[in-house]
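Participant: Take a look at this one; I'll ask things after.
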Amino acid sequence: MTRFIKKLIAGLCALALATAIWIPCLHFFFIKSVAAFRPTEGLSPKARQLAARHLQLWTDPELRQRELGRMRASNAEWDFMGRTFLVWSLAEMSVRNPGARAEYLKTMDRIIEETLHLEKEHGMYFFLMPYARARPYIMQPARSHFLDSEIALMLAVRRMVEEKPEYQPLLHERIEAMLARMQQGPVLSAESYPNVCWMFDNAVSLAASKLADYLDGSDHAAFLRQWLERAKQKLVDPKTGLLVSSFTVDGQPLDGPEGSSIWLVTHCLRLVDEDFAQDQYRRARKELGRSLAGFAWSREWPASWNGPMDIDSGPVIPVLEISAGASGMAFIGASSFGDAGYLTALAATLDFSAFPSLKQGRLKYCASNQVGDAALLYATVLGPLWEKAKHGNKHDK
């Protein structure tokens with residue numbers, strides 16, 4: 001018996017030693033250079049493969065309806081956000097890959113026009129979750145800042161690539177309607193759902209306003225400064241210094257800082273105040289960014305905030321607190337701020353654990369869905385349009 005126990009102990013020690021050696025080396029099978037995910041110029045192979053899958057969804061009606069049906073069964077927002085992330089991605093790809101610009105523009109126009117048609121035909125609730133009908137909106141007539149902000153940014157990035165005259169009044173009307181509603185509230189933010197303002201959506205509306213200024217020579221700088229001042233005063237979590245993720249019209253926080261929100265917020269804020277955006281990104285990295293043995297991920301909530309799991313966070317793996325939704329958005333933050341170490345470690349985690357499926361040059365992640373893959377695509381290509389808009393406006397050129 002003693003001999004058996006000695007062998008068992010020796011075997012367990014050997015297993016522990018092998019594990020201690022193997023796990024720290026595992027990431028080497030998945031780690032790649034940052035250029036393999038997001039090169040300075042052009043498109044990475046991953047971007048081309050992800051884009052090929054999304055372009056197929058808009059040319060194969062049966063495949064698209066099947067994919068959208070699965071998403072809308074869980075969350076109608078995902079249908080809408082999949083459209084917006086894809087349009088934003090195709091706009092950036094048009095700059096990075098001019099030879100395919102005509103194809104990208106055609107797809108962007110199809111998405112935008114279908115989205116506007118569905119909004120007009122079915123109303124805003126078509127793309128919202130059921131609780132949007134639970135009570136009246138504070139601001140009347142009822143509108144969702146979720147839809148307004150992302151449609152505005154879709155129109156803006158499309159026009160940044162190539163002017164389309166019929167989109168100019170649509171963008172102008174949407175921007176002015178958004179800003180008028182934002183100015184009704186004491187924290188200069190508008191509702192996405194009844195008495196619920198999302199930082200994500202308000203940050204997107206700021207980015208859209210900045211692009212509109214670039215395109216049309218308008219000047220919303222004073223409002224953008226006022227919004228920043230009010231947000232710093234009223235909408236920052238005192239423990240982390242991060243912007244909260246949701247709040248009431250009068251500025252009462254509903255949720256603290258959230259990984260599935262703040263990473264995209266920091267990217268949008270770069271168009272408004274680079275220093276503040278950098279500060280928020282650094283804080284998010286400290287509070288939410290995590291890594292182990294060469295792999296990286298994002299928490300949904302900082303350790304100081306006990307927030308719930310929801311449809312945006314996705315499943316959260318206990319102990320390590322890995323959030324699929326927050327980790328997906330972290331790609332956008334890391335890519336936008338040139339955080340090569342974090343970005344490559346996130347990409348290693350993605351390729352190790354998200355079950356990539358590459359068929360006929362088209363890539364999807366089986367642990368993700370269409371909106372998640374569209375957000376990843378955006379992270380692989382973002383940059384050129386933001387840089388253009390940060391320097392004057394097109395009328396100065």
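The values are calculated or read from the model by the stated rules, or taken from the named source; none is laboratory data. Worth saying up front: this structure is predicted, and the values here are computed from it rather than measured. With ideal geometry, Cβ positions are generated from the backbone for all residues, glycine too; neighbour counts draw on all protein chains shown.
Participant: In segment 176-229, which residue that is of a type in the set (Ser, Thr, Tyr) and under 25 Å from PRO253 (Cα atoms) is surrounded by the fewest Cβ atoms within 10 Å (Cβ to Cβ)?
Facilitator: TYR193
Participant: Surrounded by fewer than 19 Cβ atoms within 10 Å (Cβ to Cβ), in contact (Cβ under 8 Å) with a residue 12 or more places away in the chain and under 30 Å from LYS210 (Cα atoms), is that true of ALA340?
Facilitator: yes
Participant: Next question, about the same structure. Which is surrounded by fewer than 24 Cβ atoms within 10 Å (Cβ to Cβ), of a type in the set (Asp, Glu) and in contact with a Leu (Cβ under 7 Å, 6 or more places away or on another chain), of GLU173, GLU119, GLU114?
Facilitator: Testing whether each residue is surrounded by fewer than 24 Cβ atoms within 10 Å (Cβ to Cβ), of a type in the set (Asp, Glu) and in contact with a Leu (Cβ under 7 Å, 6 or more places away or on another chain) leaves just GLU119.
Participant: Take the residues of segment 357-374 that are surrounded by fewer than 17 Cβ atoms within 10 Å (Cβ to Cβ) and either of a type outside the set (Lys, Arg) or at positive phi (or both): which is nearest to the chain's Cα centre (by Cα)?
Facilitator: As a first pass, look at segment 357-374 and keep what is surrounded by fewer than 17 Cβ atoms within 10 Å (Cβ to Cβ): 357-361, 366-367.
Narrowing further to those that are either of a type outside the set (Lys, Arg) or at positive phi (or both): 357-358, 360-361, 366-367.
Numbers: SER357: 22, LEU358: 23, GLN360: 27, GLY361: 24, CYS366: 19, ALA367: 17 Å.
Restricting to residues being surrounded by fewer than 17 Cβ atoms within 10 Å (Cβ to Cβ) and either of a type outside the set (Lys, Arg) or at positive phi (or both), the top hit is ALA367.
Participant: Moving to a separate point now. Limited to segment 354-375, what total is found for residues that are modelled with pLDDT under 95, touching a Phe, Trp or Tyr at 6+ places or on another chain (Cβ under 8 Å) and small (Gly, Ala, Ser)?
Facilitator: Residues meeting the conditions: 4.
Participant: How many residues does segment 153-202 hold that are without any contact (Cβ under 8 Å) to a residue 24 or more places away in the chain and under 16 Å from MET124 (Cα atoms)?
Facilitator: 0
Participant: List the pairs whose first member sits in segment 358-386 and is assigned to a loop (DSSP other than H, G, I, E, B), whose second member is among the hydroxyl-bearing types (Ser, Thr, Tyr) and buried (at least 20 other Cβ atoms within 10 Å of the Cβ), and whose Cβ atoms are under 7 Å apart, counting only residues at least 6 apart or on separate chains?
Facilitator: That search, which allows pairs on different chains as well, returns LEU382/SER335; LEU382/SER336.
Participant: Report whether or not GLY69 is exposed (fewer than 14 other Cβ atoms within 10 Å of the Cβ) and among the small types (Gly, Ala, Ser).
Facilitator: Answer is yes for this residue.
Participant: Inside segment 22-129, counting only helices (runs of 4 or more DSSP H) that do not spill past its ends, which hold 2 or more residues that are within 17 Å of GLY372 (Cβ to Cβ)?
Facilitator: It comes to 45-57, 61-74, 76-96.
Participant: Just checking, which of SER298, SER246, SER261 is small (Gly, Ala, Ser), in contact with a Gly (Cβ under 6 Å, 6 or more places away or on another chain) and surrounded by 15 or more Cβ atoms within 10 Å (Cβ to Cβ)?
Facilitator: Answer to the check: SER298.
Participant: Condition first: in a loop (DSSP other than H, G, I, E, B), touching a Ser or Thr at 6+ places or on another chain (Cβ under 8 Å) and over 19 Å from GLN183 (Cα atoms). Now tell me which residues in segment 131-171 satisfy that.
Facilitator: Selection gives GLU162 alone.
Participant: Do we have SER74 as farther than 20 Å from LEU170 by Cα, surrounded by fewer than 21 Cβ atoms within 10 Å (Cβ to Cβ) and among the polar types (S, T, N, Q) here?
Facilitator: yes
Participant: Quick check on MET93: is it in contact with a Leu (Cβ under 9 Å, 6 or more places away or on another chain) and of a type outside the set (Asp, Glu)? Steps first, please.
Facilitator: Details: in contact with a Leu (Cβ under 9 Å, 6 or more places away or on another chain): yes; of a type outside the set (Asp, Glu): yes.
So MET93 passes the test.
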